[in-house]
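Input: a single structure, listed below in structure tokens.
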Amino acid sequence: VGVTILLPWVNARYGDMLVFVLSQFFFVGAMAMTAVWKGPLAVLVLSLVMGVMLGVHPNNSLTISERIIDSARLRASVVAMVNATMPLGQIIVGLASGPLIHSLMGRIELYFAFVGVLHGLVLCLSSGIMLIEFGTD
């Protein structure tokens, strides 16, 4: 709820792209921390941090897509594609997580850390591409 209320102001102040990327990095950090920080307080704090990304991601990915596309017709197609492909990651994770957690002998915290590191690698690569693409304008 807090993210929903504050997101328009934070986006206006810092920019939707920066807010999007930082929320992803906070998510990666929280996922990696699950392997070492345990207990009820850890669950509460890490869940709150991960929840921020879950509030920012669907909104800012669409606003960024809308902003960077010039043509109204193309913009509608790109926004529809982004919206339609968001569940693809959930399907992939759903199919792969069972066997991966099984291979980690049920240690779900190691699975979260692995997913966090993998997400971090993809995030670094995509952030580098965004910097090259939009930083050279």
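The values are calculated or read from the model by the stated rules, or taken from the named source; none is laboratory data. Just so it is clear, the model here is predicted, and its values are computed rather than measured. Because the Cβ atoms are built from the backbone with ideal geometry, glycine has one as well, and the counts that use them run over all protein chains shown. Keep in mind that these areas ignore ligands, DNA and RNA; they rest on the heavy atoms of the full protein, side chains included. Shrake-Rupley method; radii C 1.70, N 1.55, O 1.52, S 1.80 Å.
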If you stretched the chain out fully between Leu118 and Leu22, how much longer would it get, using 0.36 nm times the residue separation minus the C-alpha to C-alpha distance?
-> 32.9 nm
By accessible area with a 1.4 Å probe, ligands and nucleic acids excluded, highest first: order of Leu22, Leu125 | Leu125, Leu22
Please name whichever of Val28, Gly98, Ser127 sits farthest to the positive end of the charge dipole of the chain, dipole taken about the Cα centre and charges placed at Cβ: Lys and Arg +1, Asp and Glu -1.
-> Gly98
Given unit charges at Cβ for Lys, Arg (+) and Asp, Glu (-), the dipole magnitude of the chain about its Cα centre in debye, nearest 20, is 240 debye
Pop the C-beta distance of Leu88 and Leu41 into the FRET formula with R0 = 22 Å and round what comes out to the nearest 0.05.
-> 0.05
Expressed in nanometres to one decimal, the distance between label points 7 Å along Cα→Cβ at Ser71 and Ile132 is 2.5 nm
Carbon/sulfur fraction of accessible area - the chain, other protein chains in place, 1.4 Å, % | 75 percent
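List the trypsin sites (Lys or Arg not before Pro) in the stretch 8-102 that DSSP assigns to loop (not H, G, I, E or B) and whose Cβ has at most 15 other Cβ atoms within 10 Å. Which are they? Show your work: numbers first, answer last.
Values: sites: Arg13, Lys38, Arg67, Arg73, Arg75; in loops: Lys38.
Answer by residue number: Lys38.
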In nm, to one decimal, how far is the modelled label at Glu109 from the one at Leu48, with both set 7 Å along Cα→Cβ?
-> 2.0 nm
Please calculate how many Å² of accessible area the chain carries per residue, with a 1.4 Å probe and no DNA, RNA or ligand atoms counted.
-> 67 Å²
Does anyone have the angle between helix 40-68 and the longest principal axis of the chain? Alpha-carbon axes, 0 to 90°, nearest 10?
-> 20 degrees
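With a 1.4 Å probe and all protein chains in place, put Met130, Met81 in order of accessible area, largest first. Let's see the in-between values first.
Values: Met130 50, Met81 110 Å².
Result, largest first: Met81, Met130.
For the chain, what does the equivalent ellipsoid look like in terms of its semi-axes, each the square root of 5 times an eigenvalue of the Cα gyration tensor, given largest first in whole Å? Write down the numbers at each step before the final one.
Values: eigenvalues 169, 67, 40 Å².
That gives 29, 18, 14 Å for the three semi-axes.
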Just going by the charge dipole of the stretch 1-134, with Lys and Arg at +1 and Asp and Glu at -1 on Cβ, which of Pro58, Ile108, Ala72 is farthest out on the positive end?
-> Ile108
Using alpha-carbon coordinates, inclination of helix 108-135 to the longest axis of the chain, degrees = 20 degrees
